[in-house]
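Engineer: Dropping the structure in here first, questions after.
The values are calculated or read from the model by the stated rules, or taken from the named source; none is laboratory data. Here the structure is a predicted model, which is why all the values come from computation and not from measurement. Please note: Cβ atoms are built from the backbone with ideal geometry, for glycine as well, and neighbour counts cover all protein chains shown. Heads up: the accessible areas ignore ligands, DNA and RNA and are worked out on the full protein's heavy atoms, side chains in. Shrake-Rupley method; radii C 1.70, N 1.55, O 1.52, S 1.80 Å.
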Amino acid sequence: MADSLTRELEQSRARLRAMAYRMLGSVSDADDALQEVWLRTRRTSEDAVHNPGGWLTTALAHTCVDLLRSRSARHEVPIGVRLPDPIVTADGHTTPETQALLADSIGLALQVVLDHLDPAERVAIVLHDSFAVPFGEIAAILDRSPEAARQLASRARRRIRSVPAPEGSPDDQRRVVDAFFAAARRGDLAALVRVLAPDVVLRGDLGTGKLWESTGSEDAAAQAVRFAHPRAVLRPILVNGAAGTLVTVDDRAASLMAFTVTGGRIAEIDVLADPHRIAALLPDG
């Protein structure tokens with residue numbers, strides 16, 4: 001067993017878990033990838049490792065690439081079938097482990113786009129843009145030239161350039177989200193349209209094996225009024241560091257909603273309505 005690797009893994013666990021989550025879009029898969037890397041440290045001679053930190057990053061990236069390629073080849077989680085796992089925290093309450101996942105946080109909307117990238121593109125842009133791994137190291141991980149790795153990241157960057165990013169503080173975002181729910185409960189379509197961006201994207205994962213999506217403020221407003229439940233209780237939460245809401249009906253989680261607020265309007269709404277996934281993602285309490 002390489003003791004230096006084990007020590008480095010424990011010291012870097014939060015960062016490595018955040019890296020794996022960004023590459024895989026799943027908290028449970030990220031934990032599985034870390035477990036696999038830990039097992040590899042048990043089988044590796046300390047004499048064979050000169051840079052424990054670099055070795056762990058490379059081992060984790062290889063593991064994530066294999067998982068992404070296997071997922072794609074076997075169609076275990078086909079693109080367009082489910083939302084990536086959101087990182088859910090109570091407003092104002094985060095653990096150190098969760099803070100690491102949310103460092104330089106990307107919104108759920110961007111995580112959705114990452115899910116649509118080729119595995120090599122995804123790994124290249126996450127390692128380079130989020131974790132400052134040099135292209136030379138990324139090239140070795142992907143078995144490409146440094147220039148090819150650079151091109152992969154550039155291609156991925158072009159695809160995510162149009163993704164809206166949350167703007168303003170969580171409190172600023174919360175005021176917009178509160179106005180959205182207030183208008184929905186009143187059935188006020190005009191007020192809803194005013195709080196929504198004209199090209200707002202509404203995306204839903206009902207756990208039925210198909211991710212549905214619509215675009216446009218009028219359609220999103222009509223959907224909001226249609227699904228506003230008179231007995232719904234709204235609990236403010238943060239989803240990937242941005243304003244979100246847990247909707248419960250009769251003490252049961254009905255949906256988890258993530259909002260991307262830009263320019264004082266809602267640009268994207270992601271709705272997770274799979275009760276089993278919601279239960280697994282919610283923080284204690």
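Engineer: If you keep only loop residues by DSSP, which trypsin sites (Lys or Arg not before Pro) in region 191-260 have at most 13 other Cβ atoms within 10 Å of their Cβ?
Structural biologist: Sites meeting the loop and neighbour criteria: LYS210, ARG231.
Engineer: Around ASP270, what is the net charge, scoring Lys/Arg as +1 and Asp/Glu as -1 over all other residues with Cβ under 14 Å from its Cβ? Let's see the in-between values first.
Structural biologist: On the way: positive: ARG82, ARG203, ARG277; negative: ASP85, ASP115, ASP205, GLU213, GLU268, ASP274.
Summing Lys/Arg as +1 and Asp/Glu as -1 gives -3.
Engineer: Quick one: angle between helix 170-186 and the longest Cα principal axis of the chain, in degrees between 0 and 90, rounded to 10, please.
Structural biologist: 40
Engineer: If R₀ is 25 angstrom, what is the calculated FRET efficiency for the pair SER169 and HIS276, using the beta carbon separation as r and rounding to 0.05?
Structural biologist: It comes to 0.15.
Engineer: Calculate the spin-label point distance for SER45 paired with ARG235, positioning each point 7 Å from the Cα along the beta-carbon direction, and give it in nanometres.
Structural biologist: Simple spin-label model gives 5.3 nm for this pair.
Engineer: Can I ask one more? When the solvent-accessible surface of protein heavy atoms is calculated with a 1.4 angstrom probe, in what order do LEU234, LEU5 fall, highest first?
Structural biologist: Sorted descending by solvent-accessible area, the residues read LEU234, LEU5.
Engineer: Further question on the same structure: Mean separation of Cα pairs under 8 Å and 6+ residues apart, divided by the residue count of region 135-285: what relative contact order is that in percent?
Structural biologist: It comes to 23 percent, rounded to a whole number.
Engineer: Expressed as an acute angle from 0 to 90° and rounded to the nearest 10, what is the orientation of the C-alpha long axis of helix 146-160 relative to the principal long axis of the chain?
Structural biologist: Tilt relative to the chain: about 10 degrees.
Engineer: Against the longest alpha carbon principal axis of the chain, how many degrees, from 0 to 90 and to the nearest 10, is the axis of helix 27-42 turned?
Structural biologist: Orientation of helix 27-42: about 10 degrees from the principal axis.
Engineer: Continuing with this model, one more query. Loop only by DSSP, 12 or fewer other Cβ within 10 Å of the Cβ. Give me the GluC sites (Glu not before Pro) in region 136-237 that pass, ordered by residue number.
Structural biologist: Sites meeting the loop and neighbour criteria: none at all.
Engineer: Can you compute the charge dipole magnitude of the chain about its Cα centre, using +1 on each Lys and Arg Cβ and -1 on each Asp and Glu Cβ, nothing else charged? Give it in debye, rounded to the nearest 20.
Structural biologist: That gives a dipole near 520 debye.
Engineer: May I ask for the net charge around THR215, where only other residues with Cβ less than 13 Å from the Cβ of THR215 are counted and Lys, Arg are +1 while Asp, Glu are -1?
Structural biologist: -4
Engineer: So what is the 222 nm mean residue ellipticity for the chain from helices alone, if each DSSP H run of at least 4 adds -39500 (n - 2.57) and you divide by all residues, rounding to the nearest 500 deg cm²/dmol?
Structural biologist: After summing the helix terms and dividing by residue count, I get -16000 deg cm²/dmol.
Engineer: In terms of solvent-accessible area of protein heavy atoms at a 1.4 angstrom probe, what is the ranking of TRP38, TRP55, highest value first?
Structural biologist: From most exposed to least exposed: TRP38, TRP55.
Engineer: Ordering MET19, MET257 by how much accessible area each has at a 1.4 Å probe, largest first, what is the list?
Structural biologist: Values: MET19 0, MET257 25 Å².
Solvent-accessible surface, decreasing: MET257, MET19.
Engineer: For the chain, calculate the relative contact order in percent as a whole number, restricting contacts to Cα pairs under 8 Å that are 6 or more residues apart.
Structural biologist: Once divided by the residue count of the chain, the mean separation gives 19 percent.
Engineer: Show me the trypsin sites (Lys or Arg not before Pro) within region 116-174 that DSSP assigns to loop and that have at most 12 other Cβ atoms within 10 Å of their Cβ.
Structural biologist: Numbers: sites: ARG122, ARG144, ARG150, ARG155, ARG157, ARG158, ARG159, ARG161, ARG174; in loops: ARG144, ARG161.
Loop-located and lightly packed - ARG161.
Engineer: Follow-up. Over the Cα atoms of the chain, what is the Rg over Rh ratio if Rh follows Kirkwood?
Structural biologist: Result: Rg/Rh = 1.01.
Engineer: Still on this structure, please answer the following. Expressed as a whole number of Å, what is the distance separating the alpha-carbon centroids of region 243-272 and region 123-191?
Structural biologist: Value for the Cα centre distance between the two parts: 18 Å.
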